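The values are calculated or read from the model by the stated rules, or taken from the named source; none is laboratory data. Here the structure is a predicted model, which is why all the values come from computation and not from measurement. So basically every Cβ, Gly included, is an ideal-geometry build from the backbone, and we count neighbours across all protein chains shown. The area values use the complete protein model at the heavy-atom level, side chains included, leaving out ligands, DNA and RNA. Shrake-Rupley method; radii C 1.70, N 1.55, O 1.52, S 1.80 Å.
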Amino acid sequence: MNNLQLVWRNIRQQFGSTLLSILLTAFGVAILCVIYITSDSLEKQLTNNSKNIDLVVGAKGSPLQLILSSLYHIDNPTGNIALSEARKLATNPFIELAVPISLGDNFKGHRLIGTEISYFQLYDLRLAQGMVWKKAFEAVIGADVARKRGLKVGDSFHTAHGLSADGHVHDEHPFRVVGVLNKSNSVVDNLILCNLESVWDVHGIAHEDHNHDDHDHDHDGHDHDHAHTETNVKQEVAAAVTTPVAQDSNQAVANKPVNAHNHDSEGHDDHDHAHDSTATTTAEESSPGAARQAMMEARNAQQQENLIAPAQEAQAADETLVKNIGDDMIEDRGEEVTALLIKYSSPAAIGVIPRLVNQSTDMQAASPAIESTRLFSLLGVGLDSLTALAFIIMLIAGLSVFISLYNALKDRKYDLAIMRSLGASKGKLFSLVILEGFIITLIGGIIGLLLGHIALYLINQQTSESADFIEALVINEKEFLLVAVACAIGIFAALIPAIKAYKTSISTILADK
């Protein structure tokens, strides 16, 4: 019977304590495996996704949120910025390349990015097949999108509104795949790229240089709906604002005494006064009663005009105000994008462009390097804590191996003495105990790697498709270092029991028996 058979028989005899040692070792290795692969993948993604991007410009808000949404696509955008302002900023001599992006839709979790051809230059992208889009609703997909969704050049798909796969599907605007990218080991592998007009058109946003032949939009109907909506908005706002004014004016007219004298009659036409005077004189000459009645009617009519005129003027002013408010509410803000990805032309831009954007515009500038470091520092606290916990668990596993072997040695001391009497050397007994500690932790380490990759796979299933950067089913060579560390702990834990077995005295043990 060789050493492995003897060790396996010993493990089976002490199955309870051995199983505890294996599980503790497995849990420690699994935690370390998850931490190592996650942090390594995250660090690579932070480098690959921002290697050529020095600055991200977007709407006011959280700089970290702007970076996460525009570079890593794992958060919601902070808002939109005017494309005209972005174009103006791009003309700065300190900026070598400025690429606008527009977010808003997704396909089964893969985000749709409206952008320009310069996006390929920024990420150094290459086409594996097909070509770049030439018109609206043509898309170039990442390598992982093609693999996961089974899409190829010529296929069509419909996007869903928003950044969640559960959003409203735009059935009336199908996209057609015209190109597939080579794998870039960046977030682009999980993205769908198209031109800016596609994102604007799918949401009914008017823009310049629109090619009506690119797609089947009914622009006349859209303009009619827009005009109808504008009229409704103005009418609703006018009704809400002018109704109290009209009621107050009517109330003023009703409460005003009939015989009140109004000194604002100078604005009436002199012809009217002359006509009234002639009519009064003629009426007085014809009949005193008729003259008196005509004078009273003329006076009442004049007073009513004096009372109504200010109310009409106030109402006209209010209508003008309402019109201005309505125009402001439906004012076309122009073409907008989500963010602007900037590459500097000179290192001197680091101290110029961010300050220019933050102090002189309504936009904000966020540095990927600063925000990524901040993000990693925030995650680093948790990762360091989990790493410490994993090593503590592995040390406890080593202690369990030591206790298991030490107690087993007491029960097997007569077997060891008989082995010595049959010709087994002290070195053989020593190696048996060491081998037993090694095999226990080796089994635990292998199980730990399996548990770690299963955990990574489950974590990957819970993340969005755009944040799917962890290769859960790929084994890294450095992972075996974790198993080696676990085996080293097992050997060290078995060292004292092995020394005790080495010093086994045949005569003393058999004499006690």
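So is Ala408 crowded, with 19+ Cβ neighbours inside 10 Å and at pLDDT below 90 or not? For Ala408, the condition - crowded, with 19+ Cβ neighbours inside 10 Å and at pLDDT below 90 - is met.
Considering the stretch 112-129 alone, what residues qualify as being more than 13 Å from Ser186 (Cα to Cα), among the hydrophobic types (A, V, I, L, M, F, W, C) and outside any strand (DSSP E or B)? Walk me through it before giving the result.
Keep residues of the stretch 112-129 that are more than 13 Å from Ser186 (Cα to Cα), which gives 112-119, 121, 127-129.
If we keep only those that are among the hydrophobic types (A, V, I, L, M, F, W, C) as well, we get 112-113, 117, 127-128.
Answer for the stretch 112-129, where residues must be more than 13 Å from Ser186 (Cα to Cα), among the hydrophobic types (A, V, I, L, M, F, W, C) and outside any strand (DSSP E or B): just Ile117.
For the stretch 187-204, the count of residues that are within 23 Å of Ser69 (Cβ to Cβ), at pLDDT below 90, more than 19 Å from the chain's Cα centre (by Cα) and β-branched (Val, Ile, Thr) is nonzero.
For (1) more than 24 Å from Gly382 (Cα to Cα); (2) modelled with pLDDT of 90 or more; (3) surrounded by fewer than 22 Cβ atoms within 10 Å (Cβ to Cβ); (4) in contact with a helix residue (DSSP H, G or I) (Cβ under 8 Å, 6 or more places away or on another chain), each residue gets a yes or a no:
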residue	(1), (2), (3), (4)
Ser17	yes, no, yes, yes
Leu24	no, yes, no, yes
Thr38	no, no, yes, yes
Leu42	no, no, yes, yes
Gly58	yes, yes, no, yes
Asp75	no, no, yes, yes
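Of Leu196, Leu151, Leu191, which residue is open to solvent by less than 40 Å² (accessible area, probe 1.4 Å) and in contact with a Lys or Arg (Cβ under 8 Å, 6 or more places away or on another chain)? Matching residue, one of Leu196, Leu151, Leu191: Leu191. Are there helices (runs of 4 or more DSSP H) fully within the stretch 1-85 with at least 3 residues that are among the hydrophobic types (A, V, I, L, M, F, W, C) and farther than 19 Å from Tyr119 by Cα? List them. Because the criterion is at least 3 residues that are among the hydrophobic types (A, V, I, L, M, F, W, C) and farther than 19 Å from Tyr119 by Cα, the helices (runs of 4 or more DSSP H) in the stretch 1-85 that meet it are 3-13, 15-50.
For the stretch 452-468, the count of residues that are under 26 Å from Phe27 (Cβ atoms), small (Gly, Ala, Ser), within 41 Å of the chain's Cα centre (by Cα) and open to solvent by less than 50 Å² (accessible area, probe 1.4 Å) is at least one.
The test for being of a type in the set (S, T, N, Q) and without any contact (Cβ under 8 Å) to a residue 24 or more places away in the chain holds for Ser360.
So is Ile113 open to solvent by less than 10 Å² (accessible area, probe 1.4 Å) and either within 28 Å of Ile350 (Cβ to Cβ) or not hydroxyl-bearing (Ser, Thr, Tyr) (or both) or not? The answer is yes for Ile113. All conditions in (1) crowded, with 21+ Cβ neighbours inside 10 Å; (2) under 17 Å from Thr115 (Cα atoms) hold for Lys135, with the sole exception of (1). Exactly one residue out of Val132, Val145 is under 24 Å from Glu172 (Cα atoms), part of a helix (DSSP H, G or I) and not basic (Lys, Arg): that is Val145.
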